Amino acid sequence: MKMHSLVAKKLFFVFCLLMLMPGSVMGKVIETKNVSEVSTPTLVIDDIRCNGNETTECSFVTKKYYQQIGDILDTDEIADAKLRLGTLFQFKSVDIYLEKGGQRGHVVVVFDITEASNIQYDLGAGYQYAEQNSEKSREQYCYSDLGSESSSCFFVTTNIKQSDYQINAKITDFNFLGNGKELSFMFFGKRGNSEVKASPADSFMNNSFYLKNISEPSKSDNDNYDFSLHYYDPHLFDSSRYYLSANIRESKYTHKQKNNKLYSNGIYAFSISTPTKYKLTNIDFSLGRRFASHSYISLDVSRKSNPFGSAHKIYSMSYGWNTEDDALFPTQGEIFSSSITSTETREEGSVYYKYNFDLAENKIFSLGSSVIYTQSKHSSNNYGYGGELSARFTHISSIDKINGRYSGWYIGTKIGNTIWPNHDANSLILNVNAGYTHQTDNMIYRFTLGYDKQEYK
């Protein structure tokens, strides 16, 4: 535990150091630019202005541009600012050009933007089918003779099939309290049914009278409803570098058992793992700092409840960058993210990378990979590691930049494996997904389909 505490203190010290370093210094540390890439002749910035911003304050726009009046013009910084602004939902289009300044060698940087609606709506629907087979993931069940108050317990392996229908709705004000602050309210609903077929896990019970004949699988209906409120300040303390996000989510779960008779010879079996109806409340805070061109570092604190009435805290530190050119339909760029997470019972580290290949006009192929390592705080022998590979093809079928309308569909797949060496166990994951997205001036419509298969061996 002392080692964990020492590591946590060192990580927190590094986080504070990075948060306090000037952006220009951090940019030099992270990204080194070739002198030959600097525009010639040398131009001095006289002023920075905005055009087309009827409801958006110019200061919000210019905070995405990391140069000040009096600086030597850097064309790379202009390109970076255009990329940052181009990914925001509140703008249909962004153009940046130069005008003559007050004297020779001086210029005015002008941001010409076309605004979209500050109020955005997001509607979605989907269907998900999942299968899970467990050979070594054992669940505890109990049984009793009909009419008897006494019961005995045993372990079983399970085969689970689940179908889920999902809907979600979100409304966002991108100019809450002015100057680009965001407030979102989201609803998510899922209704599904599951089928669980159990088999005895202990070999000595295979000949037991109670477990000889397995009857029809146990069936249940499952409902899940989420309500969440999200706040995001992209320019905390009027800074172009610091940001803050906060989220509170309340989830309600209902599990309705259709038939509990797992076995055919008068035995009544029931799971004792989770309650049939419960509510969870999760609260998350994230404080971050941008640096270099597209990099960030953040410190996150969460409080999550569980079905049994208690709650635990989660601390994590993240670092990464994002150079994708669009939030919904990226055609180029990459994403890198890494995090270290600590809870009361475990520590975890993960790394993720994704790159977009522009194959042809409006056709994009994306490749991603991730690795994860998790370690129990209570036992050095209880650890696991794994990774995933993902691929996705996207076709943008319609583009209307003037009116902010886009449409596109995608199909993707993901495979992964997690290994627990000291438990002689591993889990294999296969996912296939597809979807269609349509964006208008103030609406986003989504439809998704998915299939998951997970094997515990």
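The values are calculated or read from the model by the stated rules, or taken from the named source; none is laboratory data. On a predicted model such as this, the values are computed, not experimentally measured, just so you know. We place every Cβ from the backbone using ideal geometry, glycine too, and count neighbours over all the protein chains shown.
So that you can scan it fast, the table gives a plain yes or no per residue for (1) outside any loop (DSSP other than H, G, I, E, B); (2) under 27 Å from residue 253 (Cα atoms); (3) modelled with pLDDT of 95 or more:
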{"position": "169", "(1), (2), (3)": "yes, yes, yes"}
{"position": "180", "(1), (2), (3)": "no, no, no"}
{"position": "186", "(1), (2), (3)": "yes, yes, yes"}
{"position": "189", "(1), (2), (3)": "yes, yes, yes"}
{"position": "193", "(1), (2), (3)": "yes, yes, no"}
{"position": "207", "(1), (2), (3)": "no, no, no"}
{"position": "216", "(1), (2), (3)": "no, yes, no"}
{"position": "221", "(1), (2), (3)": "yes, yes, no"}
{"position": "230", "(1), (2), (3)": "yes, yes, yes"}
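Which one is farthest from residue 183 (Cα to Cα), of the residues in segment 89-103 that are of a type in the set (Gly, Ala, Ser) and more than 41 Å from the chain's Cα centre (by Cα)? So the residue we want is 102.
If you go through segment 426-447 and keep only what is among the β-branched types (Val, Ile, Thr), in contact (Cβ under 8 Å) with a residue 40 or more places away in the chain and buried (at least 17 other Cβ atoms within 10 Å of the Cβ), you end up with 437, 444. Residue count for segment 399-425, restricted to those that are within 23 Å of residue 353 (Cα to Cα) and either hydroxyl-bearing (Ser, Thr, Tyr) or surrounded by fewer than 17 Cβ atoms within 10 Å (Cβ to Cβ) (or both): 8.
For segment 107-118, filtered to residues that are at pLDDT below 95 and in a strand (DSSP E or B), the residue that is farthest from residue 44 (Cα to Cα) is 115. Touching a Ser or Thr at 6+ places or on another chain (Cβ under 9 Å) and not in a strand (DSSP E or B) - does that describe any residue in segment 410-419? Looking through segment 410-419, none of the residues is touching a Ser or Thr at 6+ places or on another chain (Cβ under 9 Å) and not in a strand (DSSP E or B). In segment 119-136, is there at least one residue being surrounded by fewer than 17 Cβ atoms within 10 Å (Cβ to Cβ), modelled with pLDDT under 90 and not assigned by TED's automatic domain parsing to the domain that holds residue 42? Scanning segment 119-136 turns up at least one residue that is surrounded by fewer than 17 Cβ atoms within 10 Å (Cβ to Cβ), modelled with pLDDT under 90 and not assigned by TED's automatic domain parsing to the domain that holds residue 42. In this structure, does residue 389 turn out to be of a type in the set (A, V, I, L, M) and either exposed (fewer than 14 other Cβ atoms within 10 Å of the Cβ) or not assigned by TED's automatic domain parsing to the domain that holds residue 171 (or both)? So residue 389 fits the description; yes. Annotation: residue 101 fulfils all but one of (1) at pLDDT 80 or above; (2) surrounded by fewer than 18 Cβ atoms within 10 Å (Cβ to Cβ); (3) not assigned by TED's automatic domain parsing to the domain that holds residue 48; the unmet one is (3).
Taking residue 365 as the residue in question, decide whether it is at pLDDT below 95 and not aliphatic (A, V, I, L, M). Taking the combined requirement at face value, the residue does not satisfy it. With respect to (1) in contact with a Phe, Trp or Tyr (Cβ under 9 Å, 6 or more places away or on another chain); (2) modelled with pLDDT of 90 or more, the lone exception for residue 71 is condition (1). When segment 52-74 is filtered for residues that are under 18 Å from residue 235 (Cβ atoms) and in contact with a helix residue (DSSP H, G or I) (Cβ under 9 Å, 6 or more places away or on another chain), the ones remaining, listed by number, are 53, 59, 61, 62, 63, 64, 65, 66, 67. Can you pull out every residue in segment 323-365 that is over 14 Å from the mean Cα position of the chain (by Cα), part of a strand (DSSP E or B) and of a type in the set (Gly, Ala, Ser)? Within segment 323-365, 342, 349, 360 qualify.
Evaluation of residue 446 against the conditions (1) out of contact with any Lys or Arg (no Cβ under 8 Å at 6 or more places or on another chain); (2) assigned to a strand (DSSP E or B); (3) at pLDDT below 95 shows that the sole unmet condition is (3). Selection of first residues in segment 366-390 that are part of a loop (DSSP other than H, G, I, E, B) and of second residues that are exposed (fewer than 14 other Cβ atoms within 10 Å of the Cβ), restricted to Cβ pairs under 6 Å at least 6 apart or on distinct chains, gives the following pairs, ordered by first then second residue: 377/345; 381/422; 382/376. Which members of segment 378-412 meet the condition of being over 30 Å from residue 121 (Cβ atoms) and either of a type in the set (S, T, N, Q) or touching a strand residue (DSSP E or B) at 6+ places or on another chain (Cβ under 7 Å) (or both)? Scanning segment 378-412 gives 379, 380, 381, 382, 383, 384, 385, 386, 387, 388, 389, 391. Per this entry, residue 352 is counted among residues that are among the hydroxyl-bearing types (Ser, Thr, Tyr), farther than 24 Å from residue 116 by Cβ, touching a strand residue (DSSP E or B) at 6+ places or on another chain (Cβ under 8 Å) and surrounded by 14 or more Cβ atoms within 10 Å (Cβ to Cβ). Looking at the structure I just gave you, is residue 386 modelled with pLDDT of 95 or more and closer than 27 Å to residue 363 by Cα? Spelling it out, it is not the case that residue 386 is modelled with pLDDT of 95 or more and closer than 27 Å to residue 363 by Cα.
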